[in-house]
Structures are given as structure tokens and as C-alpha cells.
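For reference, the structure discussed in these notes is given below.
The values are calculated or read from the model by the stated rules, or taken from the named source; none is laboratory data. As the structure is a computational prediction, the values presented were derived from the model and not from experiment. A quick note on method: Cβ atoms are made from the backbone with ideal geometry, for glycine too, and the neighbour counts reach across all protein chains shown.
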Amino acid sequence: MKKDTQRLRVGVLGCGPIAQSAHFESCRKGRNTELYAICDRAPDLLAGMQAIHRPQVVYQEYADMLADPHVDAVVVATADAFHVPLTLQALQAGKHVLVEKPLGLTVEECQQVAAEARARGLVLQVGHNKRFDPGVAYAGAFIRQEMGEVMALKSWYRDSCYRYQMTDNLQPEMWTSAQALHPEGNPKADRRRYLLLAHASHLLDTARFLCGEITAVQARLVEKFGAYCWLIAADFADGSGGQLDLTVDVRGDWQEGFQVLGENGSVLADLYMPWYFKTAKVECYSVKDGTRRGPIGGDGHSYRLQMEGFADTILHGVPQHGAGGEDGLACVRALVAVSRSVDSGQRVALADVTGGL
């Protein structure tokens, strides 16, 4: 791919799995980005990533990377518990930030980060890469421009029990280090919480991207034979309703998709596991012109497209297509509301939600 003359010089913080499988390559392949710097506390991991990805510079200390005037923006690709403090440090150093999802672990800390970015006039983007799947983007545009009133959304995200076999085949072999920095305890020990943060964040952000603000949820959790199924009824600000299904682990194929029903048509979409880099299969039905249509979808590298969109907003003022700070905050509110609704058995209004999972 031909590179733009003007490129965003990106520093990636963290050499863990998401950086190795997505962010390093996206910065290198992006038409308007440069993988300028890599930072990690683990010297062996840092040396390995330097040899593979060839950044201009590497840093063991985050403060040193933030002090580098050539770093335009930072990708925070660390454990969830570190997202907020590390994002705040970057913003306070005057750097734009793309932070992995979820933005934070509590409503209040997400409010703090969003306010900091807003006050400093910096671009803050949360790594909800599904928005950059060309099929999902096409569906969103059809809903906003042609569908008229929306009646209902039905969406599903079903993680397969075979997923790690598939990702082991699709992703590069992961480097690890005994010196890598980890949060206290085991974030995966509370399985419910971990799965909500890892997977429901995608489900909820995509629902918001397609149908607008979620105002309330009522959720039920079914646990059987080591599998989890969240059944979430959502109310949207425009009066439409949603049924969201998160299931881990399905004894079958990975399934992700949605159906949106509206006044002048409908949309049906099936998404592929992101590591296949295939555009979602989308069919939009329009009663206005009697057509059934969808994107060809030649380029489904949503992580690279996400990075290019981030750079276009910073370099050229292109309106932000990705999830901004307020979107990240709204997603965490919804995550907390789902968790509270499961515990109480009651409908939970998002406006009333505080605290964390």
C-alpha cells in the first residue's frame, strides 16, 4: 500500500498479545501511520519486538517515550486495570491516545479521562474496532440515512469453544516474558467480570453505534456446563428496543451479527472473527427503491482501518468515526448496568449507574 506523505508517528505502549496481533502491524501497514516507538518494561520482550517490527526507537520507561517530541500519539495496549492511569499520563503529556477497550473499570474514572481529553483538545479513541469493519460502517450509514424510524435491534456475540485453536493458527506466535508487568491478582479469576469486559464491550458498543444511546437494560445470566449466556433487553433513547445475546463458549462455530428492523427497510449482518480480516457480510433491504444491497468488502482489516481513521482525525481533522471518550464512558456505564441487573433481577437505568463491575 502506498504511504501518505504526512504520517502520524505512533508510540505503542505494551508488547502483549493485542499489540503483537493487531497494533504493531496496523501502525506499520497504515497508509498514514508510522510505528515510531515501542515501550515495555520487559527488556527481553522489548528486544524481540524491536527485532521484528523495527521501530525508530524503543523505551523501557513510559515517561521517556512521552517526553519524546517526535511521538504524536500513543496506543495504550496494556491490561485493563492500567488503561486509565496510563491514558491520563499520555493526555497530560500532550499526546493523542488510542486506548484498548474497555476505556476503564469504573464510571467515575472514565468520566475523568473523557474530561481530560476534552479539556486539552486531544483526540481520545477507544479500541472498539468493529466500527471500522466496512460492512458494519455500511450498515450504520444505511440505518441513519435510509431506514427512517428504527423499531428493533437483535444482536449476538457467541464465542466458540474452538476459538483459541483458530486464533493460534491465525495470529503470530506470541512472545511472553517473566518480566512483563501484570496487575495484582488474576483478572480472569472472576470469569463473569472478565467476559463482560472482554466481549460484552464489543456487543454493547456496536449496538450504540447502530441504534444510538442505550437508556436502560434488563439482563439475565444463565450458567451451565461451564458456559455463560447473558440475555440482555435494551431500551434505546429513540424508543426502539434491543435483544442482545452474549454466549461463551458455544459448542459450535463463532457467531457474531445483528439484525435491525425499521420503517423503510432492514439490515442483516454476519461478522467474521476479526483475525480473518474479512468484511462483514451485510444485506440492506430498502422498500424505498426495492433493492437488496451491501458492500463488496474487499478490505476487512478493522484494526488497520481503525488506526488510519485515528490518524486522519488528528492529521486532517476528519470527523471521528471511532469510539471517542464519551462513547467509551457510555459503554462502561452499560457494562456496569448489565452486571447490576443480573445481580438484582431488575431493570437498570444507565443514568443511575455509578461505580464499576
### Residues of the range 138-171 satisfying the condition of being under 23 Å from Q255 (Cα atoms) and touching a helix residue (DSSP H, G or I) at 6+ places or on another chain (Cβ under 7 Å)
A139, G140, I143, L153, S155, Y157, D159, T167, L170, Q171
### Task
Please work out if R158 is surrounded by fewer than 17 Cβ atoms within 10 Å (Cβ to Cβ) and of a type in the set (D, E, K, R).
no
### Query
Considering only residues of the range 312-329 that are within 13 Å of the chain's Cα centre (by Cα) and assigned to a helix (DSSP H, G or I), which is surrounded by the most Cβ atoms within 10 Å (Cβ to Cβ)?
G328
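Any residue that is assigned to a strand (DSSP E or B) and within 30 Å of R193 (Cβ to Cβ) - is there at least one of those in the range 283-303?
We begin by selecting, within the range 283-303, every residue assigned to a strand (DSSP E or B); these are 283-286, 291-293.
After this cut, where a residue has to be within 30 Å of R193 (Cβ to Cβ) as well, the list is none.
No, the range 283-303 contains no residue that is assigned to a strand (DSSP E or B) and within 30 Å of R193 (Cβ to Cβ).
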## Note on the structure
Those residues of the range 87-104 which are surrounded by fewer than 21 Cβ atoms within 10 Å (Cβ to Cβ) and either under 19 Å from the mean Cα position of the chain (by Cα) or modelled with pLDDT under 95 (or both) amount to L88
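Can you tell me how many residues within the range 278-298 are farther than 22 Å from E149 by Cβ and surrounded by 15 or more Cβ atoms within 10 Å (Cβ to Cβ)? Steps first, answer last, please.
First, pick out the residues of the range 278-298 that are farther than 22 Å from E149 by Cβ: 278-281, 295-298.
Filter once more, keeping what is surrounded by 15 or more Cβ atoms within 10 Å (Cβ to Cβ): 278-281, 295, 297.
The number of residues fulfilling the criteria is 6.
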## Note on the structure
Per the filter on the range 290-311, residues among the basic types (K, R) and under 23 Å from the mean Cα position of the chain (by Cα) are R304
